[in-house]
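Beneath this line is the structure, given in structure tokens, with notes to follow.
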Amino acid sequence: MMTENTVNDLLVQVKNLKMYFPVPGDNPFRNDYLRAVDDVTLDIYKGEVLGLVGESGCGKSTLGNTILHLLKPTAGTVEFEGQDLSTLSAGDMKSMRRKIQMIFQDPSASLNPRRTIGNALLEPFRIHKIGTPKEREDRINFLINRVGLSEYHLSRYPHELSGGQKQRVSIARALTLNPEIIVCDEAVSALDVSIQAQVIDLLEDLQKDFNLTYLFISHDLSVVYYISDRVAVMYLGKVIELGSKDSVFERTLHPYSKALISAIPKVDPDQVRERIILQGDLPSPVKPPSGCRFHVRCNQCMEICKEETPEFKEYETGHFVACHLYENR
Ligand code: SF4
């Protein structure tokens with residue numbers, strides 16, 4: 001886990017990133033745009049776990065995919081170790097992909113049902129033409145044991161494994177080529193609670209052992225609190241609060257983050273929080289509300305909030321927020 005970030009630790013720099021999808025609009029001659037990611041700027045530092053939270057549909061998975069350039073951004077840049085990913089040739093991008101891996105929510109969907117686990121783990125080596133047969137075998141044997149399975153599982157098919165075991169295989173596969181960063185997209189959300197805890201502990205151990213960096217995307221704030229060093233809160237395509245885990249959870253600024261955090265159950269009955277119930281549903285990202293996008297649900301909305309978009313500003317060292325309540329301070 002990280003304690004302090006420096007410019008030298010910078011691994012990924014996301015600047016003004018936008019990902020819009022054309023959708024049929026009211027005007028039959030012109031598309032509307034679903035603004036899934038709308039002007040996101042953030043940094044990810046080497047060796048940290050950056051948690052990304054928000055309601056489903058807020059754009060967090062799209063942000064993860066756009067950072068990986070699995071989706072071509074509409075605008076903005078993603079720099080990995082100082083290199084703008086959009087400027088890389090197809091060959092260089094393929095090499096870069098070895099350093100950037102992903103773990104998805106549904107391990108069944110990411111494993112071919114007709115291939116054994118051993119074959120699934122060999123795939124990255126084949127794609128990138130890396131390693132002798134002996135090196136591949138040694139690495140796969142090491143990893144299958146490191147994620148808590150055994151060589152026995154290499155000859156099994158996905159349907160013969162439990163959900164937790166399949167997710168362990170996905171983790172092993174993400175690790176085969178020694179990545180720098182892993183985007184974990186709701187990586188434990190589909191698992192039973194007891195299995196979730198085991199997989200989170202495994203991810204945490206691997207992060208320390210291999211000095212990995214995680215972008216940990218989840219709608220579950222308790223999980224994000226447990227594993228993250230810093231936390232970014234996303235609402236309707238925008239990051240609206242970002243800071244260290246303690247600053248975001250203990251000195252929460254944005255009314256939306258406060259509402260999300262108020263819903264986390266406390267174990268200690270003397271520390272029960274007052275629950276803030278969010279009004280209404282997440283508005284459409286095709287026609288987001290004017291001004292502050294949260295204003296139609298905010299219990300502290302002011303006149304200015306309906307007209308002017310608040311800037312994403314540093315309120316205290318390393319703690320950023322986009323809210324008119326904290327301007328001019
Ligand atoms: Fe609420 Fe206004 Fe802050 Fe938006 S800018 S979160 S509407 S107080």
*Which ones in the range 136-194 are within 26 Å of Asn65 (Cβ to Cβ) and among the basic types (Lys, Arg)?*
Lys166, Arg168, Arg173
*Which of (1) under 12 Å from the mean Cα position of the chain (by Cα); (2) more than 30 Å from Ile277 (Cβ to Cβ) is the odd one out, the single condition Lys60 does not satisfy?*
(2)
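For (1) surrounded by fewer than 15 Cβ atoms within 10 Å (Cβ to Cβ); (2) in contact (Cβ under 8 Å) with a residue 40 or more places away in the chain; (3) within 16 Å of the ligand (Cβ to nearest atom), each residue gets a yes or a no:
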| site | (1), (2), (3) |
| --- | --- |
| Leu191 | no, no, no |
| Ile217 | no, yes, no |
| Ser247 | no, yes, no |
| Leu260 | no, yes, yes |
*Please find, within the range 288-305, the residue that is farthest from Tyr33 (Cα to Cα) out of those that are more than 7 Å from the ligand (Cβ to nearest atom) and assigned to a loop (DSSP other than H, G, I, E, B).*
Asn299
_Quick check on the range 123-144. Is at least one of its residues surrounded by fewer than 12 Cβ atoms within 10 Å (Cβ to Cβ), free of Cβ contacts under 8 Å to residues at least 12 places away in the same chain and not in a helix (DSSP H, G or I)?_
yes
*Name the residues in the range 307-325 that are near the ligand (Cβ under 8 Å from one of its atoms) and open to solvent by 30 Å² or more (accessible area, probe 1.4 Å), would you?*
Leu325
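The values are calculated or read from the model by the stated rules, or taken from the named source; none is laboratory data. Values in this document were obtained by computation on a predicted structure and should not be read as measured data. Quick reminder, even Gly has a Cβ in these numbers, built from the backbone with ideal geometry, and neighbours come from all protein chains shown. Please note that ligands, DNA and RNA were not included when accessible areas were found on the heavy atoms of the full protein model with its side chains. Shrake-Rupley method; radii C 1.70, N 1.55, O 1.52, S 1.80 Å.
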